[in-house]
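Visitor: So that we are looking at the same thing, I have put the structure below in structure tokens.
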Amino acid sequence: MGIRTGDQYIRGLGSRQPEIWLQGRMVTNVCEEAVFRQPIYEIAKLYDMQHDEKYQDKITHICQETGERVNNAFLVAKTPEELQAKRVLYETYAEATFGLMGRTPDFLNVVLTSLYSNASFLERYNPQWAENAKNYYKYVRDQDLFLTHAIINPQNDRSKSSHEQNDAYTHLGAVEETPEGLIVKGAKMLATLAPITDEVIIYSFPGFQPGDERYALAFAIPIDTPGLRIICREPMQDGIRSVYDHPLASRFEEMDALLVFHDVLVPWDRLFLYNNVEAANLLYPKTGIGQQPAHQTGVRGLLKLQFATEVAMRLADSIGVDVYPNVQNHLGELAQSLESVRALLRTAELDYETLPSGELMPGYVQLETIRGLLPKLYPRAIEVIQIIGAGGFLMSPTDSDMEHPDLTEDMEKFYAGRKGISGTDRVRLFKLAWDLCGEAFGQRLLQYERYYTGDPVRKLAIFYNNYKKSHACTMVDDALSVFATKTASQTKQVL
Ligand SMILES: Cc1cc2nc3c(=O)[nH]c(=O)nc-3n(C[C@H](O)[C@H](O)[C@H](O)COP(=O)(O)OP(=O)(O)OC[C@H]3O[C@@H](n4cnc5c(N)ncnc54)[C@H](O)[C@@H]3O)c2cc1C
Ligand SMILES: Nc1c(O)cccc1C(=O)O
């Protein structure tokens, strides 16, 4: 089939009946649920862009194997141009959502592409797992499906491993093998956008201990598989608040959910890894499923930081505070942060690594540096927005006030900004900025940037340990070499 339209994506959602729990009730028709309507529409727009001649050649290509047009997320990049073609896709989708939607379809489709192209890793443990992963990639590519994922265990007791939790099936684990497949039970967090996706893929960050064998799992199943329960967090918008009052929150909220598996059947041909702690711990570092998506998340994060920076600049300009050096310093800092991330992305694409398969992997150090910086740079950008808008955020009236004839004069006089900025323009801008920096929606966006890639504390420590291995600190040896040729007294004389 190849690329879908937005309408085909929506019809796909409508044809399924996943078990979605939202505010104490079961959702019967996800497409008609107010909270999901706008996010579904935003994702559908991305599917439609694949058919729009303005974007088609930028974000899709003809698949050599099938002759059909497919999304660039499924490209195994073997040339710098193909790496850039993937970046253009990430940019195009991030621009369409201002970088505010983290789990657009390209993200997990890139994960899957990396699993496919590095399936030889799975083959070493079990050829059938490798075959299953490759077939699943082709299925998702050719049906143009939208995936969610859950790779973390629930937080019950982080000081204990999976097999030490109070109940053997708190964390998702295998229960029994049947002729049809594996029965699994327990929970996994945190599946962003789960209610409006087609399929879910399960795997884990490394961290399994001996004894955790039953939890060492990777598989993918349809989102409406019987026994799979999606428990949504409390929504941050109700789906009816006006676009005028909440121009971002009303459009881009990504629902997050806990996935609970009640004796769910995973067919054998959908199993990619099972009962092997070593393989589960090596899956992430050895298949590129962390590094390849870091290219997508780096581009998306850049766009989000750019958006926040532009909002801060426009706010300052709208009320004339950009004339002050302290405000200029804040804005200059954001601009430099943004340009640093942009430069890192460029060099990541230039300093790619070529894998034995011929696949190109963008530079690890640069992408990981972006991952380490964004959890600090984005919250800082939001803080600058709060500092610049100050009390002005707390005087924005609603759409209905702005439109009331009795208030028109006051609205235009007291809400206007510096010369040329009408009351309506200024209120609109402040409302947009408040969605980012004050609303629960904006706080989630901030929490997302801190944690989407895992715990930033442990990630930075891992980065340091890897960095140390490839950096022998030879400059220090050179400087110390002065002592190697001379005795202490000779050295003193030289100095
Ligand atoms: C908005 C949002 C969306 C997300 N979407 C997804 C998604 O779609 N799919 C998905 O799989 N995941 C998703 N995640 C989850 C994300 O992967 C995790 O939040 C992240 O890996 C951190 O894990 P945690 O939240 O369980 O924190 P924890 O690991 O529980 O950490 C809590 C705190 O304890 C500290 N801590 C815990 N353990 C240790 C340790 N061993 N050593 C030192 N310090 C420790 C941490 O530093 C942190 O401060 C999302 C998260 C957010 C916030
Ligand atoms: N955060 C990630 C995820 O959820 C899936 C795959 C990769 C990552 C990552 O940032 O490494």
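Visitor: Past 22 Å, Cα to Cα, is the threshold; run Lys160/Lys459; Lys134/Lys304; Lys86/Lys304; Lys160/Lys286 against it and keep the listed order. Let's see the in-between values first.
Guide: Numbers: Lys160/Lys459 20 Å; Lys134/Lys304 33 Å; Lys86/Lys304 18 Å; Lys160/Lys286 25 Å.
Correct reply: Lys134/Lys304; Lys160/Lys286.
Visitor: Another one. Below 8 Å between Cα atoms, with a sequence gap of 6+, how large is the relative contact order for the chain in percent?
Guide: On the way: 816 pairs, mean separation 75.6, N = 495.
Normalised by residue count, the contact order of the chain is 15 percent.
Visitor: Taking a 1.4 Å probe, which of Thr113, Thr79 shows the most accessible area, and what order do the others take after it? It would help to have the intermediate numbers written out before the result.
Guide: Values: Thr113 0, Thr79 50 Å².
Per-residue accessible area, sorted high to low, gives Thr79, Thr113.
Visitor: Let's test the formula: R0 of 30 Å, r as the Cβ-Cβ distance of Asn275 and Asp157. What FRET efficiency results, to the nearest 0.05? Intermediate results must be reported in sequence, preceding the final value.
Guide: On the way: r = 23 Å, r/R0 = 0.77.
Working from the Cβ atoms, E equals 0.80.
Visitor: When the Karplus curve 6.51 cos²θ - 1.76 cosθ + 1.60 is applied with θ = phi - 60°, which whole-Hz ³J(HN,Hα) does each residue of region 82-88 get, with x for Gly and Pro?
Guide: 5, 5, 5, 4, 5, 4, 4
Visitor: Which loop trypsin sites (Lys or Arg not before Pro) in region 329-421, with loop taken from DSSP, have no more than 14 other Cβ atoms within 10 angstrom of their Cβ?
Guide: On the way: sites: Arg342, Arg346, Arg371, Lys376, Arg380, Lys413, Arg418, Lys419; in loops: Arg418, Lys419.
Those that pass, being in a loop and sparsely packed, are Arg418, Lys419.
Visitor: Quick one: accessible area per residue over region 37-87, 1.4 Å probe, rounded to a whole number of Å²?
Guide: On a per-residue basis, region 37-87 sits at 51 Å².
Visitor: With the full set of protein chains in place, find how many percent of the accessible area of the chain is carbon and sulfur; take the probe as 1.4 Å. Before the final figure, lay out each step's value.
Guide: Numbers: 11920 of 22550 Å².
Summing carbon and sulfur atoms, their accessible area is 53 percent of the total for the chain.
Visitor: Measuring with a 1.4 Å probe in the full set of protein chains, what accessible area per residue, in whole Å², belongs to region 292-470?
Guide: Details: 8620 Å² over 179 residues.
For region 292-470, the solvent-accessible area averages 48 Å² per residue.
Visitor: Which length gain, in nm to one decimal place, applies between Thr424 and Arg11 when the Cα-Cα distance is subtracted from 0.36 nm times their residue separation?
Guide: On the way: separation 413, 0.36 × 413 = 148.68 nm, distance 3.83 nm.
144.9 nm is the gain from fully extending Thr424 to Arg11.
Visitor: Can you list residues whose amide H is under 5 Å from Phe146's amide H, if they're 5+ apart or on another chain and H is modeled 1.01 Å from N?
Guide: Under 5 Å from the amide H of Phe146: Asp198, Glu199.
Visitor: Does a label point 7 Å from the Cα of Asp263, set along Cα-to-beta-carbon, have any residues of region 138-181 with amide nitrogen under 20 Å, and which are they?
Guide: 167-181
Visitor: Taking a 1.4 Å probe, which of Tyr464, Tyr378 shows the most accessible area, and what order do the others take after it? The partial results should precede the final answer.
Guide: Working: Tyr464 120, Tyr378 5 Å².
Output order, biggest surface exposure first: Tyr464, Tyr378.
Visitor: Which distance in nm do the two modelled labels at Ala335 and His404 give, with both placed 7 Å along the Cα-to-Cβ direction?
Guide: My value for the distance between the label points is 4.1 nm.
Visitor: Another question, if that's okay. Gain in length, Gln128 to Met1, computed as 0.36 nm per residue apart minus the alpha-carbon separation, to one decimal in nm?
Guide: Working: separation 127, 0.36 × 127 = 45.72 nm, distance 2.55 nm.
That works out to 43.2 nm of additional length.
Visitor: Can you say what percent of the DSSP beta bridges in the chain, counting only those with both residues inside, are antiparallel? Round to 5. Show your work: numbers first, answer last.
Guide: Working: 31 of 39 bridges.
Close to 80 percent.
Visitor: Which aspartates and glutamates does Lys138 reach when only Cα atoms under 20 Å apart count, and residues fewer than 8 places away in its own chain are ignored?
Guide: Glu65, Glu68, Glu82, Asp106, Glu123, Asp198, Glu199, Asp269, Glu359
Visitor: Calculate, for region 190-282, the solvent-accessible area per residue in square angstrom, rolling a 1.4 angstrom probe over the heavy atoms of the protein chains.
Guide: Numbers: 3120 Å² over 93 residues.
With the other protein chains kept in place, region 190-282 gives 34 Å² per residue.
Visitor: Ordering Cys437, Cys473 by accessible area with a probe of 1.4 Å, largest first, what comes out? Each step should come with its number before you reach the end.
Guide: Details: Cys437 0, Cys473 85 Å².
Solvent-accessible surface, decreasing: Cys473, Cys437.
Visitor: At q = 0.14, 0.16, 0.17, 0.19 Å⁻¹, what base-10 log of I(q)/I(0) does the Debye formula yield for region 292-470 when every alpha carbon is treated as an equal point scatterer in vacuo?
Guide: One equal scatterer on each Cα of region 292-470 leads to -0.81, -0.96, -1.04, -1.19.
Visitor: Counting only the heavy atoms of the protein chains, how much of Glu234 is accessible to a 1.4 Å probe, in Å² to the nearest 10?
Guide: About 140 Å², rounded to the nearest 10.
Visitor: Work out, step by step, the length gained on full extension between Ala96 and Leu282: first 0.36 nm times the residue separation, then minus their alpha carbon distance; give nm to one decimal. If you can, show how the numbers build up before the last one.
Guide: Working: separation 186, 0.36 × 186 = 66.96 nm, distance 3.49 nm.
Extending this stretch completely gives an extra 63.5 nm.
Visitor: A follow-up question, please. For the chain, state the average projected area of the convex hull of the C-alpha atoms over all orientations, rounded to one decimal in nm². Display every interim value, and only then the final one.
Guide: Values: hull surface 123.1 nm².
Answer in nm², one decimal: 30.8.
Visitor: Let me ask something else about it. Heavy atoms of the protein only, probe of 1.4 Å, neighbouring chains included. What is the accessible area of Trp434 in Å², nearest 10?
Guide: Estimated to the nearest 10 Å², Trp434 gives 80 Å².
Visitor: Counting Lys and Arg as +1 and Asp and Glu as -1, each charge on the Cβ, what is the dipole of region 209-259 about the Cα centre in debye, to the nearest 20?
Guide: Here region 209-259 has a charge dipole of around 80 debye.
Visitor: Considering all alpha-carbon pairs of region 219-272, what whole percent are spaced by more than 13 angstrom? Please list the in-between numbers first.
Guide: Values: 960 of 1431 pairs.
Result: 67 percent of Cα pairs exceed 13 Å.
The values are calculated or read from the model by the stated rules, or taken from the named source; none is laboratory data. Note that the structure is a prediction, hence the values are computed from the model and not measured. Heads up, the Cβs are rebuilt from the backbone with ideal geometry, glycines too, and the neighbour counts pull from every protein chain shown. Quick note on the areas: whole protein, heavy atoms, side chains included, nothing else; ligands and nucleic acids left out. Shrake-Rupley method; radii C 1.70, N 1.55, O 1.52, S 1.80 Å.
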